[in-house]
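The values are calculated or read from the model by the stated rules, or taken from the named source; none is laboratory data. Keep in mind that this is a model prediction, so the values were computed, not measured. Cβ: placed from backbone, ideal geometry, glycine included. Neighbour counts: every protein chain shown.
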Amino acid sequence: MSSKHMWETVAEWGREYGDIIYVNILGQPLVFLNSPKAASDMLEKKSLIYSDRPSLTMACELVGWEWTLGLKRFGEEFRAMRKLFHTYMGTRASVQQFAPIEEEETKAFLKRVLEHPEDLAEAIRRTAGAVILRVTYDYEPKDHGDSLVQLVDRTMEQFAILTSPNAFLVDVLPILKYIPAWFPGANFKRIVPEWAQCTRDVVEVPLGYVKEQMAKGVAAPSFASRFLDDQDLREEDERIIKWAAGSMYGGGADTTVSSIKTFFLTMTLYPEAQKKAQAEIDAVIGNDRLPSLADQGQLPYVDALVKEVFRWHPVVPLDLPHRLMQDDIHEGYFIPEGTVVVANIWKMLHDPKTYANPMVFNPSRFLGEKPELDPREYCFGFGRRVCPGRNLAEASVWLSCAMSLAVFNIMKAKDQAGRAIEPEIDFSSATISHPAPFKCSITPRSDAARALILAENEAK
Ligand code: HEM
């Protein structure tokens with residue numbers, strides 16, 4: 001099995017073996033699903049048995065991530081955590097409450113990009129992190145050297161390593177967990193104490209901050225304060241809240257970052273789409289104000305462009321693994337309990353049967369009398385494990401795209417001889433896949449656009 005762009009390999013296997021592919025790796029049965037029908041039939045219609053997660057020995061048992069929602073085993077605690085997400089951000093309407101935070105942070109993003117366009121990736125990361133920390137804990141990070149942001153960044157890097165495919169042999173041979181740390185080759189055991197401490201801190205420290213604010217009577221509404229504010233809270237309830245809140249950053253920060261990078265990459269590559277979207281914003285919104293979330297739905301081309309960003313490079317090309325909880329017979333195939341089932345989201349969003357010229361970025365495919373299928377049906381996963389932050393994610397990505405289009409021209413950068421630099425089109429192979437670093441030129445569309453960015457930030 002190749003680990004580079006595994007989703008393409010699995011799509012190729014599909015051409016030979018069909019939509020449901022079974023492989024066995026060192027005794028672990030694995031099923032890949034290459035079509036929306038297969039994913040819907042198994043992960044949605046039979047979600048009661050297809051919604052567990054496999055246990056990662058290193059991440060869960062040794063480092064202590066078993067309570068993070070993305071890795072949480074199916075059961076009562078899992079349901080309780082999902083319920084909190086649903087109550088707080090389960091509908092499009094419910095995310096309206098975050099509009100002021102999202103708009104303020106996205107305006108600050110525009111200013112950062114205006115002043116330092118060369119640091120685009122860092123500005124995207126900082127903005128996504130700030131939105132999540134404010135929504136979850138009402139914690140407003142400092143622009144530089146914020147100790148919580150540093151802790152979270154460090155811990156999320158560890159988490160990405162822990163959950164990347166084939167990272168630790170102990171996940172394949174759990175017996176290795178008993179090897180003592182001094183044993184030659186047991187490097188994985190030596191990092192455990194430090195990483196386990198970071199894992200504890202990353203959920204405890206921000207929760208401690210919220211409790212402190214609540215005790216002083218100055219806590220503004222947030223995910224954590226909303227659920228902590230209960231006289232009858234038991235210890236186990238607090239653990240659910242603590243980990244549900246901690247799961248937000250893991251699920252929400254890096255994912256939207258990838259989509260927004262993809263947006264800037266596609267705008268660099270497809271200037272026509274950019275111009276059409278800007279013309280629509282000029283006609284509907286004008287140039288005296290920035291688009292806001294209330295304008296969603298009034299800008300059909302921008303809406304289509306954002307859908308195309310989600311489709312052109314899905315953030316999670318191979319869905320998180322679902323674990324089958326009991327034997328199943330599906331379309332005549334026997335699938336044993338414990339099988340890990342992975343939906344190939346990339347393939348579903350690049351199937352020429354569903355999307356004409358799937359490798360081309362073309363927002364118009366979602367407009368007109370026969371729009372192609374909305375990629376948001378698939379890119380957020382399936383069944384009882386479907387992304388619980390999708391409404392917040394959609395709002396964040398839409399706002400970043402619409403506001404950036406309103407004030408910036410995004411073009412190919414030029415080399416010293418004035419020749420356009422072709423951006424490399426490549427993506428990392430990790431679970432959350434990012435565009436490879438690329439160069440682009442970002443300039444304000446006019447003096448008025450520059451003034452608008454500055455004025456909107458002064459008004460804060
Ligand atoms: C563009 C942005 C995003 C994309 C494409 C995305 C996609 C996904 C996908 C594909 C899954 C796995 C679903 C499955 O197993 O079938 C997932 C799970 C998850 N997402 Fe998102 N997500 C995004 C943003 C967010 C945000 C903003 C949050 C938090 C506010 C979030 C929180 C989570 C959590 C906690 C899980 C684990 C759910 C579970 O295992 O039950 N995600 N997401």
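A few notes on this one:
- In summary, PRO444 fulfils each of the numbered conditions (1) crowded, with 20+ Cβ neighbours inside 10 Å; (2) out of contact with any Pro (no Cβ under 6 Å at 6 or more places or on another chain); (3) in contact (Cβ under 8 Å) with a residue 24 or more places away in the chain with the single exception of condition (1).
- Residue tally, condition within 12 Å of the ligand (Cβ to nearest atom) and modelled with pLDDT under 95, over segment 43-64: 1
- Of everything listed in (1) under 27 Å from GLY383 (Cβ atoms); (2) in contact (Cβ under 8 Å) with a residue 60 or more places away in the chain, the single unmet condition for LEU114 is (1).
- Within segment 353-392, the set of residues being near the ligand (Cβ under 7 Å from one of its atoms) and more than 30 Å from GLY250 (Cβ to Cβ) is empty.
- Filter result for VAL113 (over 30 Å from ILE175 (Cβ atoms), in a helix (DSSP H, G or I) and modelled with pLDDT under 95): no
- None of ILE410, ILE453, ILE425 is touching a residue at least 40 places away in the same chain (Cβ under 8 Å) and in contact with a Leu (Cβ under 6 Å, 6 or more places away or on another chain) except ILE453.
- Entry remark, segment 429-455: residues being in contact with a strand residue (DSSP E or B) (Cβ under 6 Å, 6 or more places away or on another chain) and either in a helix (DSSP H, G or I) or of a type in the set (Val, Ile, Thr) (or both) number 3 in total.
- Entry remark, segment 378-393: residues being aliphatic (A, V, I, L, M) and closer than 19 Å to ALA99 by Cβ number 2 in total.
- Within segment 42-57, the set of residues being part of a loop (DSSP other than H, G, I, E, B) and closer than 14 Å to ASP327 by Cα comprises LYS46, SER47, LEU48, ILE49, TYR50, SER51.
- Selection within segment 193-202 - touching a residue at least 60 places away in the same chain (Cβ under 8 Å) and buried (at least 19 other Cβ atoms within 10 Å of the Cβ): TRP195, THR199
- Residues of segment 20-39 classified as surrounded by 17 or more Cβ atoms within 10 Å (Cβ to Cβ) and either polar (S, T, N, Q) or in contact with a helix residue (DSSP H, G or I) (Cβ under 9 Å, 6 or more places away or on another chain) (or both), total: 9
- ASP327 vs. criteria out of contact with any strand residue (DSSP E or B) (no Cβ under 9 Å at 6 or more places or on another chain), at pLDDT 95 or above and of a type outside the set (Gly, Ala, Ser): no
- Leading residue by the ranking (nearest to LYS111 (Cα to Cα)) among those in segment 124-154 that are away from the ligand (no atom under 15 Å from the Cβ) and outside any loop (DSSP other than H, G, I, E, B): ARG126
- Selection of first residues in segment 226-249 that are over 18 Å from VAL202 (Cα atoms) and in contact (Cβ under 8 Å) with a residue 24 or more places away in the chain and of second residues that are of a type in the set (A, V, I, L, M, F, W, C) and surrounded by 22 or more Cβ atoms within 10 Å (Cβ to Cβ), restricted to Cβ pairs under 8 Å at least 6 apart or on distinct chains, gives the following pairs, ordered by first then second residue: PHE227/LEU84; PHE227/ILE241; PHE227/ALA244.
Residues checked against (1) at negative phi; (2) surrounded by fewer than 20 Cβ atoms within 10 Å (Cβ to Cβ); (3) modelled with pLDDT of 95 or more:
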residue	(1), (2), (3)
LYS189	yes, yes, no
PRO206	yes, no, yes
TYR209	yes, yes, yes
GLN213	yes, yes, yes
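- GLY246 vs. criteria within 16 Å of the ligand (Cβ to nearest atom), in contact with a Gly (Cβ under 6 Å, 6 or more places away or on another chain) and under 16 Å from GLY70 (Cα atoms): no
- Conditions (1) within 14 Å of the ligand (Cβ to nearest atom); (2) modelled with pLDDT of 95 or more; (3) touching a strand residue (DSSP E or B) at 6+ places or on another chain (Cβ under 7 Å); (4) not hydrophobic (A, V, I, L, M, F, W, C): number failed by GLU102: (3)
- Residue within segment 26-39 that is part of a loop (DSSP other than H, G, I, E, B), within 30 Å of TYR178 (Cα to Cα) and of a type in the set (A, V, I, L, M, F, W, C) present: yes
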